[in-house]
1. Give the long-range amide H neighbours of Arg28: residues separated by 5 or more places, or on another chain, with amide H under 5 Å away, using H modelled in the peptide plane at 1.01 Å from N.
2. Along its principal axes, what span do the Cα atoms of the range 16-120 show, with the longest given first and each in whole Å?
3. Heavy-atom accessible area per residue, the chain, 1.4 Å probe: how many Å²?
4. Full-extension gain between Ala105 and Leu137, please, as 0.36 nm times their residue separation minus the C-alpha to C-alpha distance.
5. Can you give me the % of accessible surface on the chain that is carbon or sulfur? Probe 1.4 Å, all protein chains present, nothing else counted.
6. If you take the beta carbon distance between Tyr97 and Arg29 as r and set R0 to 22 Å, what does 1/(1 + (r/R0)^6) give as a FRET efficiency, to the nearest 0.05?
7. Using just the helices of the chain, give the 222 nm mean residue ellipticity in deg cm²/dmol: DSSP H runs with n ≥ 4 each add -39,500 (n - 2.57), and the total is spread over all residues, rounded to 500.
8. Once Rh for the range 83-140 is found with the Kirkwood sum over Cα pairs, what is the Stokes-Einstein diffusion coefficient at 10 °C and 1.306 mPa s, in µm²/s?
Amino acid sequence: MAQGNAEGRPTIAAAVVVYEGRVLMVRRRVSEGRLSWQSPAGEVEPGEAREEAAVRETLEETGLAVSALKPLGERVHPDTGRLMSYTACEVAGGHAYVADSDELAEFAWVAHADISEYVPYRLFEPVQEHLDVVLDLEAD
């Protein structure tokens, strides 16, 4: 049985991928409430670690090979009610593209100052704090 929340739905693992001072965002073909642009993400499969799922989903959705750096935290998403796990990742190889055109409409590498244009609500605090640090460091 997959790891999940009280309703028995699998946890969603999200990859927070930063490269050259920008964060990778994808736009889903079907939005969930206010969720349109978000990090590459998908369901954790049975027996799979959350970090492994974040890495796998990024590759499946964008064709980009990434490696997990550290977990950033978990929460129940306020819009979807799904248990979310966030992992900081770095690019290991390849170039991003829309690899899963059934799920994704497009992707973007988003600068720190532009995140609010893509995500019109507050990011999960540990994700925002991570981006504040690494995007500012890479901008220098």
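1. Those lying under 5 Å, H to H, from Arg28 are Gln38, Ala105.
2. On the principal axes, the range 16-120 reaches 35, 33, 27 Å in Cα extent.
3. With the other protein chains kept in place, the chain gives 51 Å² per residue.
4. 8.5 nm
5. Accessible surface attributable to carbon and sulfur in the chain totals 49 percent.
6. That pair, Tyr97 with Arg29, gives E of 0.90.
7. -7000 deg cm²/dmol
8. The calculation lands on 117 µm²/s.
The values are calculated or read from the model by the stated rules, or taken from the named source; none is laboratory data. Quick caveat: nothing in here was measured; it's all calculated off a predicted structure. Reconstructed Cβ throughout: ideal geometry from the backbone, glycine too, with neighbour counts over all protein chains shown. Remember, those area values only see protein heavy atoms, side chains included, never the ligands or the DNA or RNA. Shrake-Rupley method; radii C 1.70, N 1.55, O 1.52, S 1.80 Å.
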